[in-house]
1. Would you mind telling me which numbered condition in (1) at pLDDT 95 or above; (2) out of contact with any His (no Cβ under 8 Å at 6 or more places or on another chain) LYS82 fails?
2. So is LEU88 surrounded by 18 or more Cβ atoms within 10 Å (Cβ to Cβ), in contact (Cβ under 8 Å) with a residue 60 or more places away in the chain and closer than 21 Å to TRP11 by Cα or not?
3. Report every pair of residues separated by at least 6 positions or lying on different chains whose Cβ atoms are under 7 Å apart, first residue within segment 59-73 and in contact (Cβ under 8 Å) with a residue 40 or more places away in the chain, second among the β-branched types (Val, Ile, Thr).
Amino acid sequence: MTNSMNKPPIWFWIVSVIALVWNGLGVHGYLSQAYETAAYTDAYTADQLEVMNDLPAWYTALFAIAVFSGAIGCILLLMRKKFAKSLLILSFIAATIQMVYFLFIADLNGVDFSANTIMAYIIIVFAAFLAWFASKSNSKGWIH
């Protein structure tokens, strides 16, 4: 039987902080792309930027949903709030749809995005882990 006052182990806090940093980097990436900062534009070739700019608006919206729900979900994990689970599941769903589109459906016009391909898989795996972690934390009574 779980108790809503169960004290989480130290590794819960470590994972939650690492997850917040990870999602914070995602928020930074989204804002850099949205405002076309030098850090964003310098990371891509002209051909890659053209492809990125041609992606549909819903793709960019999924990016925002994934990173902001993930970051807020991680903050709620640290606050031990149950709503973290819902936000991290939403983040996983949005990130997965976004990455599947990028990996298998989007017309990349033959432009090489091999470094992004590896990161896309890492993003899906990490988002799945965080959704599982929040669900497990909920079932253990670490979040309430």
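The values are calculated or read from the model by the stated rules, or taken from the named source; none is laboratory data. As the structure is a prediction and not an experimental result, all values here were calculated from the model. No Cβ is skipped: glycine too gets one built from the backbone with ideal geometry, and neighbour counts run over all protein chains shown.
1. LYS82 satisfies every listed condition except (2).
2. no
3. VAL67/VAL27; PHE68/VAL27; ALA71/VAL27
Residue-by-condition table, conditions (1) modelled with pLDDT of 95 or more; (2) in contact with a helix residue (DSSP H, G or I) (Cβ under 9 Å, 6 or more places away or on another chain); (3) under 26 Å from GLY110 (Cβ atoms); (4) surrounded by 12 or more Cβ atoms within 10 Å (Cβ to Cβ):
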{"position": "GLY24", "(1), (2), (3), (4)": "yes, yes, no, yes"}
{"position": "SER32", "(1), (2), (3), (4)": "yes, yes, yes, yes"}
{"position": "TYR40", "(1), (2), (3), (4)": "no, yes, yes, yes"}
{"position": "ASP47", "(1), (2), (3), (4)": "no, no, yes, yes"}
{"position": "TYR59", "(1), (2), (3), (4)": "yes, yes, yes, yes"}
{"position": "PHE63", "(1), (2), (3), (4)": "yes, yes, yes, yes"}
{"position": "SER69", "(1), (2), (3), (4)": "yes, yes, no, yes"}
{"position": "ILE72", "(1), (2), (3), (4)": "yes, yes, no, yes"}
